[in-house]
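Chemist: The structure's right below; bear with me while I get my questions together.
The values are calculated or read from the model by the stated rules, or taken from the named source; none is laboratory data. Computed from a prediction, not measured in an experiment: that's the story for all the values here. Please note: Cβ atoms are built from the backbone with ideal geometry, for glycine as well, and neighbour counts cover all protein chains shown. What goes into the accessible areas is simple: the full protein's heavy atoms, side chains included, and nothing from ligands, DNA or RNA. Shrake-Rupley method; radii C 1.70, N 1.55, O 1.52, S 1.80 Å.
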Amino acid sequence: MTEIKRLNAANLAGLGSEIRRPDFNPSTLLPGIMHLGIGAFHRAHMAFHTQRAINNDPANAAWGIRGVSFRSPAIRDTLADQDYLYALSSRENENEELEIIGTVRDVIFTGDGPGICPALIGDETTKIVSMTITEKGYCHDPATGQLDETHSGIVADLKNINQPTTAIGAIVQGLRLRRDAHGGPVTLLSCDNLPSNGAMLERIIRRYTELADPSLISWMDDTVSFPKCMVDRIVPATTNDDRVHIEKALGLRDQSPVIAEAFSQWVIEDNFKAGRPSWENAGVEMVGEVEDYETMKLRLLNGPHSASAYLGYLAGFETVSDLMSHEVFPKFLRRMMDEEINPGLSVPVGVNIEAYKSSVLERFANRALAHRTHQIAMDGSQKLPQRLLGSVRSALKNNLPLDCLALSVAAWMRYVTGIDEQGKTIEVSDPLASELASIAETSTGDIAKLVENYLHVSEIFENDLPQSKKFKDAVTKALESLTNKGALQSVADYARK
Ligand code: CS2
């Protein structure tokens, strides 16, 4: 039996495969992009588009990526072992394309020392600091989008601004070092699924700066930009089966391959202070204004995605493609999109919204992806406002129906009680998990009270939604239906109401 070799630069060359890689010189600290949060999404999206940009125009080889991991050293060690190369498998039903991505040139782990990440942000070779740190990484109040000044990480970082542990603290400390070292302009690019992500990042960074070092504000005004962007690619967590599959297909062992759908979209506000790769050569849309794209995607893709996750999980479906193969789900989702979300939306110029909605549902149904409902259900308290509640507010304002939205919110409530329809425990992963579970305990058996109490979690629902009788009644009715008839029957009923 021949031994399977591991993926690395030497073995790749041995196979006769070659890829263009960005320049890298550890002694001069290049590359120019520093990406906070080096998870699968980044590696399937920004790193992938940057690889394309380099393939299509070698001048882009000045733009390598240095990843930063906040959570664990594992990804750094795994990728270092394979010269930071990894396989990306892009799938659409029966079709799969495999390619090796080589744009990541280095990974650092913040646990190795609180000064490492700020020092690199401060270095003049860093021209873009981009991030996918997930919603909760912004340490904000999800309902208002303001910095949460009571967040334990923020409180700790403000006490010790030179030794930050949050991404927000690390960025501001990095900017302070940059100013002191005359490091020049830099772009901070949020690639998370947040409304007006760049503006939200700017607001949070500015507030933290006011509290940490107000003298930095005027330097920031001239030197830092915060473009917004809409990111879109479905990237389920990689499983062991995926690793086995990639090993067979590649003939090399990759400990950290990435699986994604074939579709990928990136629309970026073209506001970069210190240059950027020519991503427009790589299918990226560089535009003047992205807000309508972001809202459309958050409400028509992520909203239905979260709805599918909670309702699907409760109905016993493990993955999104499983639930999409049951006829009631596509029907329910399409109804929610057509009647409750779309009419209150401002559609970006030139977008065919009917085709967009159909493509979202086709993407959810992609049989080649095992995107677990449990994965998408994570961190609902941080996701609900921009995904579902913005649509609820639009529906209330425009006097649109909102029953399907209400059923989705009720499914989230049912899910975060922590007990499923069979009485089994649900592993709820959410920064507010224990608060949400104790609300469930104090409201046992009383559905109206449970809804009332959940609606008063102001980080999620703010103060306006609990005041809306129309919304409260609809959610109460929906939760009654979920409790009495179960999720599958409720989805069927609401799909045809
Ligand atoms: C998903 C998103 O996990 C989730 O919450 O809804 O990650 C989704 O797959 C992406 O936003 C698609 O672009």
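Chemist: Of all residues in region 469-490, which are touching a helix residue (DSSP H, G or I) at 6+ places or on another chain (Cβ under 6 Å), open to solvent by 10 Å² or more (accessible area, probe 1.4 Å) and either not hydroxyl-bearing (Ser, Thr, Tyr) or not in a helix (DSSP H, G or I) (or both)?
Modeler: Correct list: Ala474, Glu480.
Chemist: With the requirement that a residue be assigned to a helix (DSSP H, G or I) and surrounded by 24 or more Cβ atoms within 10 Å (Cβ to Cβ), what does region 399-411 give you?
Modeler: Cys404, Leu405, Ala406, Leu407, Ser408, Val409, Ala410, Ala411
Chemist: Look at Leu396 and say whether it is open to solvent by 10 Å² or more (accessible area, probe 1.4 Å), in contact with a Leu (Cβ under 8 Å, 6 or more places away or on another chain), at pLDDT 95 or above and closer than 24 Å to Thr144 by Cα.
Modeler: Criteria met by Leu396.
Chemist: Here's something else I'd like to know. Identify all residues within region 340-365 that are within 13 Å of the ligand (Cβ to nearest atom) and either surrounded by 19 or more Cβ atoms within 10 Å (Cβ to Cβ) or of a type in the set (D, E, K, R) (or both); write none if there are none.
Modeler: Answer for region 340-365, where residues must be within 13 Å of the ligand (Cβ to nearest atom) and either surrounded by 19 or more Cβ atoms within 10 Å (Cβ to Cβ) or of a type in the set (D, E, K, R) (or both): Val360, Arg363, Phe364.
Chemist: Could you list, in sequence order, all residues of region 300-319 that are assigned to a helix (DSSP H, G or I) and open to solvent by 40 Å² or more (accessible area, probe 1.4 Å)?
Modeler: If the condition is that a residue be assigned to a helix (DSSP H, G or I) and open to solvent by 40 Å² or more (accessible area, probe 1.4 Å), then Tyr313 is the only one that fits.
Chemist: Sticking with this structure for a sec: What pairs can you find where one residue is in region 372-387 and assigned to a loop (DSSP other than H, G, I, E, B) and within 9 Å of the ligand (Cβ to nearest atom), the other is open to solvent by 10 Å² or more (accessible area, probe 1.4 Å) and not aliphatic (A, V, I, L, M), and their Cβ atoms are less than 8 Å apart, with a gap of 6+ or different chains?
Modeler: Pairs that qualify, where the first residue is assigned to a loop (DSSP other than H, G, I, E, B) and within 9 Å of the ligand (Cβ to nearest atom) and the partner is open to solvent by 10 Å² or more (accessible area, probe 1.4 Å) and not aliphatic (A, V, I, L, M), are Met378/Ser429; Met378/Asp430; Asp379/Thr134; Asp379/Glu135; Asp379/Lys136; Asp379/Ser429; Asp379/Asp430; Asp379/Pro431.
Chemist: Would you call Gly288 open to solvent by 10 Å² or more (accessible area, probe 1.4 Å) and either more than 19 Å from the chain's Cα centre (by Cα) or within 15 Å of the ligand (Cβ to nearest atom) (or both)? I'd like the intermediate steps shown before the answer.
Modeler: Working: open to solvent by 10 Å² or more (accessible area, probe 1.4 Å): yes; either more than 19 Å from the chain's Cα centre (by Cα) or within 15 Å of the ligand (Cβ to nearest atom) (or both): yes.
It is true that Gly288 is open to solvent by 10 Å² or more (accessible area, probe 1.4 Å) and either more than 19 Å from the chain's Cα centre (by Cα) or within 15 Å of the ligand (Cβ to nearest atom) (or both).
Chemist: For region 28-87, give me every one of the helices (runs of 4 or more DSSP H) that falls completely inside it and has 3 or more residues that are open to solvent by less than 40 Å² (accessible area, probe 1.4 Å), modelled with pLDDT of 95 or more and touching a strand residue (DSSP E or B) at 6+ places or on another chain (Cβ under 8 Å). Walk me through how you get there before you give the answer.
Modeler: Numbers: elements: 40-44, 46-56, 74-81.
It comes to 40-44, 46-56.
Chemist: Collect the residues in region 438-447 that are surrounded by fewer than 16 Cβ atoms within 10 Å (Cβ to Cβ) and either part of a helix (DSSP H, G or I) or on the phi < 0 side of the Ramachandran plot (or both), keeping them in residue-number order.
Modeler: Within region 438-447, Ser438, Glu441, Thr442, Thr444, Asp446 qualify.
Chemist: A further question follows. Being touching a residue at least 12 places away in the same chain (Cβ under 8 Å) and either more than 16 Å from the ligand (Cβ to nearest atom) or assigned to a helix (DSSP H, G or I) (or both) is the filter here, so list the residues in region 246-260 that pass it.
Modeler: Of everything in region 246-260, those that are touching a residue at least 12 places away in the same chain (Cβ under 8 Å) and either more than 16 Å from the ligand (Cβ to nearest atom) or assigned to a helix (DSSP H, G or I) (or both) turn out to be Ile246, Glu247, Ala249, Leu250, Gly251, Leu252, Arg253, Asp254, Gln255, Ser256, Pro257.
Chemist: Search region 206-245 for residues being in a loop (DSSP other than H, G, I, E, B) and either within 16 Å of the ligand (Cβ to nearest atom) or at pLDDT below 95 (or both), and hand back the single one that is farthest from Ala377 (Cα to Cα).
Modeler: Lys228
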